[in-house]
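**Student:** Questions regarding the structure given below will be posed in turn.
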Amino acid sequence: MEVRQIANSAAALRLGYWLGRNMPLKIGYALANGLSGLLARRKDSALMRILHSNLSVVLGPDASEQRVHATARAVLGHAGRSYFDLYHAVAVGPETLVASVKSGPLVDYYLDRIKREGRGTVLVSAHMSNFDLAGLAFAYRGVHMTALGYATPTSGYDLQNQIRMAGGLDVLPIDVSALRKSIEILRRGGIVGTGIDRPDPFGGGEMVPFFGRPAR
């Protein structure tokens, strides 16, 4: 089984949730760093090949293989700590969850404006850092959102969706009817959130510049 399949399985997410509830932050971060180090050693895995390929573009043609690999290792470490932060905050409760997310004055201004005016709003973001934690924190702050989710979730994604819905987010699977439902939500003054960087499994999508090179 591929690393990503294991990491996205329901068993792995339940273990992460249990660790987040029962393990101190310092030990949790150390465990996340240790596990990400083990993953980084598997340079031939699909996950590491993808990271190396993307980071080679990001860092530029002059970046050494050692620098690319060290950056990939740092990316995995950050992802591991982000997952632990999410599970810890969800397990402890709403106050810890909201306190875990720092937002600047511009974000606060627009969130307050969205709540005050009740206008249909589309929130767009990349899948970066701890986007789930941010979404749940916004929900607890009264920003009710419908998130467009994976069309055919695995057991792990399904558990993630349960966590999102328990935190006050609605999840709408991306299928042929999702666009119509999203428009209805927006017309009612609701908020629809989506990640803009999920790949199209059928090879479509928009070509955009990615660090000086075209990418879908």
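The values are calculated or read from the model by the stated rules, or taken from the named source; none is laboratory data. Since this is a predicted model, take the numbers as computed values, not measurements. A quick note on method: Cβ atoms are made from the backbone with ideal geometry, for glycine too, and the neighbour counts reach across all protein chains shown. The accessibility values were calculated without ligands, DNA or RNA, using every heavy atom of the protein model including side chains. Shrake-Rupley method; radii C 1.70, N 1.55, O 1.52, S 1.80 Å.
**Student:** Being modelled with pLDDT of 90 or more and either over 12 Å from HIS69 (Cα atoms) or of a type in the set (Asp, Glu) (or both) is the filter; apply it to region 37-58 and report the residue that is most open to solvent (accessible area, probe 1.4 Å).
**Tutor:** The selected residue is VAL58.
**Student:** Turning to a different aspect of this structure: So which of ARG73, ARG67 ends up being touching a Gly at 6+ places or on another chain (Cβ under 8 Å), of a type in the set (D, E, K, R), at pLDDT 90 or above and open to solvent by 50 Å² or more (accessible area, probe 1.4 Å)?
**Tutor:** ARG73
**Student:** State all residues of region 124-147 that are aliphatic (A, V, I, L, M) and either in contact with a Leu (Cβ under 9 Å, 6 or more places away or on another chain) or surrounded by fewer than 17 Cβ atoms within 10 Å (Cβ to Cβ) (or both); if no residue qualifies, say none.
**Tutor:** Those that are aliphatic (A, V, I, L, M) and either in contact with a Leu (Cβ under 9 Å, 6 or more places away or on another chain) or surrounded by fewer than 17 Cβ atoms within 10 Å (Cβ to Cβ) (or both): VAL124, ALA126, MET128, LEU133, LEU136, ALA137, ALA139, VAL143, MET145, ALA147.
**Student:** List pairs: first residue in region 57-81 and within 26 Å of PHE131 (Cβ to Cβ), second residue among the basic types (Lys, Arg) and not in a helix (DSSP H, G or I) anywhere in the structure, Cβ distance under 6 angstrom, at least six positions apart or on different chains.
**Tutor:** VAL57/ARG213
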